[in-house]
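To start, the structure itself, in structure tokens.
The values are calculated or read from the model by the stated rules, or taken from the named source; none is laboratory data. Worth saying up front: this structure is predicted, and the values here are computed from it rather than measured. Note that each Cβ is placed from the backbone with ideal geometry, even for glycine, and that neighbours are counted across all protein chains shown. Surface accessibility is based on the protein's heavy atoms, side chains included, excluding ligands, DNA and RNA. Shrake-Rupley method; radii C 1.70, N 1.55, O 1.52, S 1.80 Å.
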Amino acid sequence: MHHGMPSDCPHFERRGYTGDGQLTCRSAMHLLDMHKFYTKWMEDISDCQDRLSGHVQYTAPYVHCGGGPGGWGCAIVEVPYQYYKHYGDLSHAERLYPQMLRYFDYLEAHSKNNLVESDKAGEWCLGDWCAPYGPRSPLIFTDSVISMDICEKTAYLHEVCGMTAQANFCREVAGKFRAAVREHLIDWSNMTAIGQGTPTPGCETSQAMAIFYNIFN
């Protein structure tokens, strides 16, 4: 963490990747007093969203780089969610609600049959890209499941604020992702999470995510 942002590493790229940043924010908030740090970084995430398409950039502050849907852009939900869970402060989530919903529009626009299959044209589109022997769980699985999760978290935040209609809408979007994953990406004959076109059905990432996010039930 340096210069008011979480980064991937202090020696090489030194960029505020929204993927790395949202993965570590829960631990950082649990261990350290991070009120001001993440208040500042949530402003960076907000600033870097494309107001026309709803796309949330891969780094905040924005520097041209690679990433993907779900595991990167969902920082616009994950960081305010963890901030509320740790500090009981809903103000950031409330301020970012319109942008969260705009990002849902973006995810839906880059989905087919309610599965997230692409991201920003001309950029890398990553899912489980850093596995020890190369990516085996396809983007369409990882990012669809992560997108489902952030829709459910947004529904929770709306419900806490008493915004029942908005919470129900977010749950409906989450339900579409969940239903599509269960229909197209689960082999129910042996309870295995698979991916379209993947040579390794039941790989560790897909299987672990299916269990953690309660896809099998």
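Here are some notes:
- Within the accessible area of segment 1-79 (1.4 Å probe), percent carbon and sulfur: 58 percent
- Calculated FRET value between Glu108 and Thr192, using beta carbons and R₀ = 35 Å, to 0.05: 0.80
- Seen from all directions on average, segment 53-129 presents a Cα convex hull projection of 5.8 nm².
- If the chain linking Ala121 and His30 were pulled fully straight, counting 0.36 nm for each residue of separation and taking away their Cα-Cα distance, it would gain 29.1 nm.
- Each Lys and Arg adds +1 at its Cβ and each Asp and Glu adds -1 at its Cβ; summed about the Cα centre, the chain shows a dipole of about 140 debye.
- Degrees separating the helix 75-87 axis from the principal Cα axis of the chain, which is the longest one: 60 degrees
- With the largest listed first and rounded to whole Å, the semi-axes of the equivalent ellipsoid of segment 116-195 from the Cα gyration tensor are 27, 17, 11.
- Phi-based couplings in Hz for segment 23-31 (Karplus 6.51, -1.76, 1.60; Gly and Pro marked x): 5, 9, 5, 4, 5, 5, 5, 5, 8
- Normalised per residue, the accessible area of segment 32-85 is 36 Å², obtained with a 1.4 Å probe and no contribution from ligands, DNA or RNA.
- Two-site FRET efficiency, Asp89 against Cys130, from Cβ-Cβ distance with R₀ of 35 Å, rounded to 0.05: 0.60
- Here's the picture: charge each Lys and Arg Cβ at +1 and each Asp and Glu Cβ at -1 in the chain, and of Gly175, Ser91, Ser189 the one pushed furthest to the positive end of that dipole is Ser91.
- Note on Tyr213 and His3: the extension gain reaches 72.2 nm, defined as 0.36 nm multiplied by sequence separation minus the Cα-Cα distance.
- Relative contact order, percent, the chain [alpha-carbon distance under 8 Å, six or more residues apart]: 15 percent
- Taking every DSSP beta bridge that has both ends in the chain, the antiparallel portion is near 90%.
- Subset of Lys85/Lys176; Lys153/Lys176; Lys36/Lys85; Lys85/Lys112; Lys40/Lys176 violating a 24 Å alpha-carbon distance limit: Lys85/Lys176; Lys85/Lys112; Lys40/Lys176
- Relative contact order (%) - criterion: Cα under 8 Å, at least six apart; region: segment 95-172: 19 percent
- Estimated FRET transfer efficiency when R0 is 41 angstrom, pair Thr39-Glu204 (beta carbons, to 0.05): 0.70
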